[in-house]
Amino acid sequence: MPTIHNLGFPRIGKKRELKFALEKYWQGNCSQQALEETAAELRQQHWAEQKHLDFVPAGDFSFYDQVLDTSFLLGNIPEQFKCAESFKKSHLLDQYFSIARGHSFDEHGCDCVHQDLSAGEMTKWFDTNYHYIVPEFRTNTRFSLHPQHLLAQIDQAKKENHRVKPVIIGPVTYLWLGKSKDESDRVELLESLLNVYSELLQLLSEQGIEWVQIDEPVLVTELSEQWRHALRAAYYRLQNIPVKILLTTYFGKLQENLRLSCELPVDGLHINALDNELEVAKVIDWFPSHKVLSLGIINGRNIWKSDLNHLLNWLKPIYERLQERLWLAPSCSLLHVPVDLNSEQKLAAEIKDWLAFAVQKLDELDIINQALIHGVDKVQQQLEENKRCIISRQQSERIHKPQVKSRVASITADMVHRKSAYAVRAKVQQQRFNLPVYPTTTIGSFPQTGDIRRARLQYRSGLLAEVDYLHIIQQEIKRSIDEQEELGLDVLVHGEAERNDMVEYFGELLDGYAFSQFGWVQSYGSRCVKPPILFGDISRPEAMTVKWIKYAQSLTDKPMKGMLTGPVTILNWSFVRDDQSRSETCFQIALAIRDEVRDLERAGISIIQIDEAALREGLPLRKSQWNDYLDWAIKAFRIAANGVQDETQIHTHMCYSEFNDIIEAIAEMDADVITIETSRSDMELLDVFDEFQYPNEIGPGVYDIHSPNIPSVAAMVELLQQASIRIPAQRLWVNPDCGLKTRQWDEVKPALSNMIKATQQLRTALQV
């Protein structure tokens with residue numbers, strides 16, 4: 001019979017228990033023991049949800065990030081942390097969080113009073129909205145095994161009578177994900193790294209482990225021959241250890257790496273089988289008879305029900321051929337979907353019928369398994385119900401709006417372009433705004449205080465009248481503006497007190513979206529997002545932001561930015577319909593945002609920021625496919641942004657990703673000003689400007705908002721000086737890396753004060 005298993009389960013809990021436990025621990029309001037007890041309870045609950053599987057994963061649970069877990073497993077600690085005496089004296093868990101979040105340590109016994117340690121660089125996990133802490137490598141990097149965290153999870157699962165399959169990131173993917181901090185070649189570290197992997201696998205074998213899941217998603221990317229050779233070297237080296245290896249790939253097709261994947265000396269291979277029947281057929285033909293083939297047949301990245309009847313028709317001949325060599329699983333870890341649809345009580349019944357969260361996806365897997373083993377009669381009722389739901393979604397009048405499709409079809413070339421080139425616009429805008437050199441601003445949001453969240457919850461629960469809620473939000477907007485005026489910022493924002501999330505807020509005001517109550521997924525650490533469900537054609541019934549921005553502008557004589565989320569980010573940060581092309585859906589959103597931009601302009605708002613924080617994560621994993629995506633993604637942004645007059649200044653913002661390799665496409669967006677993350681990656685982005693002359697204005701972030709550290713004036717001055725070497729001061733803005741909603745006012749105010757002081761120093765130096 002087939003083996004059914006799972007690659008990973010959401011770790012945050014149905015009610016975000018992990019998030020709240022982490023934040024209590026960081027605030028000093030809960031002990032390490034209490035935090036670890038919460039983690040153990042969550043693992044117990046999650047394994048109970050997976051008890052019908054032949055294997056449950058262990059090692060998929062993390063307090064912050066599985067890549068950072070791997071760095072600690074391998075003893076790979078960033079150099080600056082190794083050298084800090086207070087770091088070395090702190091508890092292991094606090095060391096872990098220090099790298100994830102940054103920290104200030106009192107350095108007693110040395111000349112300095114304290115030492116600020118910046119958080120490790122953070123970027124996107126392949127093409128998802130999950131973030132990982134980037135491993136750092138140097139020529140002298142040495143690895144050592146520290147398996148306590150993994151072994152504790154395995155031991156707990158065993159005590160609860162589960163058959164365990166440990167999950168670890170593969171050695172090649174780990175090196176590939178990291179960055180060299182000197183001139184070293186990461187691949188040259190493979191041999192010493194494999195010594196530790198060999199030690200780990202031997203240890204797992206001694207623990208009675210039969211199968212180990214080793215994730216190598218790097219195999220779905222375009223690899224140089226050097227990296228392909230590294231994969232061969234790694235698995236030929238590990239093949240003689242007495243534990244079975246399930247080499248796991250996901251997120252895409254293997255393509256040119258298909259034969260390599262089949263030939264590696266492992267005991268099993270997991271591949272993404274979604275829309276991938278041709279590759280599956282090739283693997284079956286090429287695969288030796290002693291290996292198992294695991295097919296990812298349930299979408300681990302989206303929330304739509306699987307068409308089980310279609311899957312069964314496809315799988316039956318495969319099962320007849322492979323028999324017990326066939327394993328079945330979701331396409332990837334279920335980390336990227338919410339935990340349990342049964343928690344949802346307010347979704348429209350029709351839409352709820354179309355959905356499957358993590359628990360339901362594992363139920364789908366079980367239905368498929370039962371049908372293959374015992375025949376369809378065993379699960380006939382479930383299959384008929386699934387068929388009804390699939391047909392309901394295909395035929396629903398909620399989804400298809402002819403007038404929306406007609407408007408997309410009528411998009412013209414003129415709608416994609418500004419009236420004048422940037423050089424012309426810049427002169428008009430300088431005359432209008434008369435901003436100083438190094439103009440200062442923030443990215444949009446200010447702290448979402450407990451008062452704001454309580455008011456929003458009470459209003460939505462009917463416990464707070466609308467007039468009282470509006471008054472509270474207006475008071476918070478006024479507070480944000482007063483604070484900015486006192487600090488001396490040049491271009492202000494209204495603080496976004498009315499917004500729960502930068503995508504969900506707009507989705508709630510657009511037709512074609514639905515919203516869950518508990519559909520949370522982890523973005524990084526304790527940061528969870530609740531992606532809206534984009535199920536149908538998108539349109540904007542009425543203005544979404546104008547009343548708030550107009551109110552904010554009425555409180556100040558300084559320019560006020562209108563704050564919008566861009567069409568590509570709304571698309572990429574939603575659970576998106578899969579019954580039409582993503583580009584078609586994106587153009588629908590772009591037209592809705594275009595209408596909002598023009599309404600803001602008519603309301604007298606002269607600076608409008610359209611955030612495209614998620615532009616890069618939509619890139620296909622293979623560079624050969626990038627141009628197709630960038631063509632429609634950039635077009636969508638321009639449709640949204642370019643219906644305004646020359647004197648209206650368009651900003652955009654991007655954060656926490658790698659942009660050097662798409663800088664030309666970013667320039668093609670033709671935003672007047674772009675703000676972008678650079679502080680956490682030590683202004684690495686600016687290296688690209690040594691060769692590429694970015695034509696418009698840019699604000700390289702100088703303040704890492706994902707860390708509780710308050711950056712010093714000197715540190716920000718240094719970052720801006722680095723920037724001014726590549727970009728003329730007249731085209732540089734000064735701003736944080738990202739929005740400030742997750743921070744506290746007692747962190748934000750001193751950090752922004754230092755940012756203003758740094759700017760004043762630079763202005764003074766420029767005048768000299």
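The values are calculated or read from the model by the stated rules, or taken from the named source; none is laboratory data. Fair warning: this is a prediction, and the values are worked out from it, not measured in the lab. All Cβ positions, even for glycine, are placed from backbone atoms using ideal geometry, and neighbour counts span all protein chains on display. Note: accessible area is taken over every heavy atom of the protein model, side chains too, but ligands, DNA and RNA are not part of it. Shrake-Rupley method; radii C 1.70, N 1.55, O 1.52, S 1.80 Å.
Miscellaneous remarks
- Peptide packing for 426-433, 638-645 was compared via the average number of neighbouring C-beta atoms within 10 Å per residue; ordered from the highest value, the list is 638-645, 426-433.
- Charged-residue dipole, Cβ positions (Lys, Arg, Asp, Glu), the range 700-768 about Cα centre, Debye nearest 20: 240 debye
- Only Cα pairs under 8 Å and 6+ residues apart enter the sum, and on that basis the relative contact order of the chain stands at 13 percent.
- Between Gln323 and Val467, the contour length at 0.36 nm per residue exceeds the Cα-Cα span by 45.3 nm.
- Local electrostatic count, Ala671, Cβ distance below 13 Å [Lys/Arg +1, Asp/Glu -1]: -1
- Protection proxy ranking of 384-393, 342-351, by the mean of other Cβ atoms within 10 Å over each peptide's residues and highest first, is 384-393, 342-351.
- If both residues of a DSSP beta bridge must be in the chain, then about 20% of such bridges are antiparallel.
- Its Cα gyration tensor gives the range 374-498 an equivalent ellipsoid, and the semi-axes of that ellipsoid, as √(5λ) in whole Å with the largest first, are 46, 31, 15.
- Formal net charge of residues neighbouring Gln693 (Cβ-Cβ distance under 11 Å; K, R +1; D, E -1): -1
- Taking only protein heavy atoms and a 1.4 Å probe, the accessible area of the range 154-305 is 45% carbon and sulfur.
- Exceedance of the 24 Å cut-off in Cα-Cα distance is limited, within the set Lys530/Lys550; Lys14/Lys401; Lys352/Lys530; Lys159/Lys244; Lys14/Lys749; Lys24/Lys158, to Lys530/Lys550; Lys14/Lys401; Lys14/Lys749; Lys24/Lys158.
- Shape call, the range 478-517: gyration tensor on alpha carbons, a/c limit 1.5: prolate
- With an a/c value of 1.5 or above and a/b not larger than b/c for the gyration tensor axes a ≥ b ≥ c computed over the alpha-carbon atoms, the range 179-297 is described as oblate.
- Inter-part distance, the range 664-739 to the range 265-302, computed on C-alpha centroids, equals 43 Å.
- A simple packing score, the average count of other Cβ atoms within 10 Å per residue, orders the peptides 252-258, 460-466, 604-610 as 604-610, 252-258, 460-466, with the highest score first.
- Summing Cβ point charges (Lys, Arg +1; Asp, Glu -1) relative to the Cα centre of the range 509-640 gives a dipole of roughly 380 debye.
- Alpha-carbon gyration tensor eigenvalues x 5, square-rooted, for the range 109-196, Å: 28, 20, 17
- A simple charge model with +1 on the Cβ of Lys and Arg, -1 on the Cβ of Asp and Glu and nothing else charged puts the dipole of the chain at about 1080 debye relative to its Cα centre.
- Over the chain, the Kirkwood radius and the radius of gyration, each from Cα atoms, give a ratio Rg/Rh of 0.96.
- Rounded, prolate or oblate (a/c below 1.5 giving rounded, otherwise prolate when a/b exceeds b/c) for the range 703-742 by Cα gyration tensor: oblate
- Point-to-point label distance, Ser184-Ala34, nm (Cα→Cβ direction, 7 Å offset): 4.0 nm
- Along the axis of the charge dipole computed for the range 433-508 (Cβ charges of +1 for Lys and Arg, -1 for Asp and Glu, origin at the Cα centre), the listed residues His471, Pro436, Gly495 are led at the positive end by His471.
- Protein heavy-atom accessible surface, 1.4 Å probe, per residue over the chain: 39 Å².
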